[in-house]
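Below you'll find the structure, written out as structure tokens, and then a few comments.
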Amino acid sequence: MKYFIGYAADGEITDYYQAITTDLSSRFGILNLSEKVPAHLTLVYPKESEEIGQTLKAVKSFVNDKKPIPFIINGFGKFTGKDGTIYLAPIRDEILQTFIKDAITTLASVADYSRYDQEFHLHMSIARHLNPKISAEIWKYLKIQPVPRFKLQFDNISVFEYTNKWILKYQFKF
């Protein structure tokens, strides 16, 4: 089974995520991410494993004494390079960053993943695998759109499974 660990967004941001990814797909001929993956923030990148029981135990144990952390999505951001990504950008918050670092460090050891560094940047991708030309066109378009602003609660760690698309398989609320 192929899976990743993240935060599953809910509420009105999911409607916005679907609308903006659909809009970008139809305008620029790119993949509509909302058809492939629910609105989320990734903590542990996708991996293959036949046995995720230990990972599920670790997630359940980790969230046991946690409280929701408020955070805000406020605008767009982008990563450049050969696989350009444009995303909805959370405001950097020290409390949330510390939580994320602890979550990744704890869960990564069980999930055989060890990528956390100071450069780790939470993001909700709305367009991925963009060549520089398309990325620039999309960025120019987004600059004239209303700035998305959503108040959210980081209140779950979820496991997403890949079938022919990513689905929310397990959710651990706190």
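The values are calculated or read from the model by the stated rules, or taken from the named source; none is laboratory data. Predicted model, so just to flag it, every value in this text is computed and none were measured. All Cβ positions, even for glycine, are placed from backbone atoms using ideal geometry, and neighbour counts span all protein chains on display.
Some observations on this one:
- Among the candidates T42, T55, the residue that is among the polar types (S, T, N, Q), within 24 Å of I69 (Cβ to Cβ) and under 14 Å from the mean Cα position of the chain (by Cα) is uniquely T42.
- Enumeration of residues in region 78-114 that are surrounded by 15 or more Cβ atoms within 10 Å (Cβ to Cβ) and small (G, A, S): G84, A89, A103, A108, A111
- Long-range neighbours under 6 Å by Cβ, at least six apart or interchain, first residue free of Cβ contacts under 8 Å to residues at least 12 places away in the same chain within region 25-45, second in a helix (DSSP H, G or I): N32/T21; N32/T22; N32/S25
- Within region 6-61, being of a type in the set (S, T, Y), modelled with pLDDT under 95, surrounded by 15 or more Cβ atoms within 10 Å (Cβ to Cβ) and not in a helix (DSSP H, G or I) holds for one residue alone: T42.
- Meets criteria (more than 17 Å from K169 (Cβ to Cβ) and in contact (Cβ under 8 Å) with a residue 40 or more places away in the chain) for I91: no
- Within region 73-105, being among the aliphatic types (A, V, I, L, M) and either assigned to a helix (DSSP H, G or I) or under 22 Å from D23 (Cβ atoms) (or both) holds for I73, I86, L88, A89, I95, L96, I100, A103, I104.
- Scope region 116-174; condition within 18 Å of L33 (Cα to Cα) and either without any contact (Cβ under 8 Å) to a residue 60 or more places away in the chain or in a loop (DSSP other than H, G, I, E, B) (or both); matching residues: L122, H123, N131, S135, P148, T163, N164, K165
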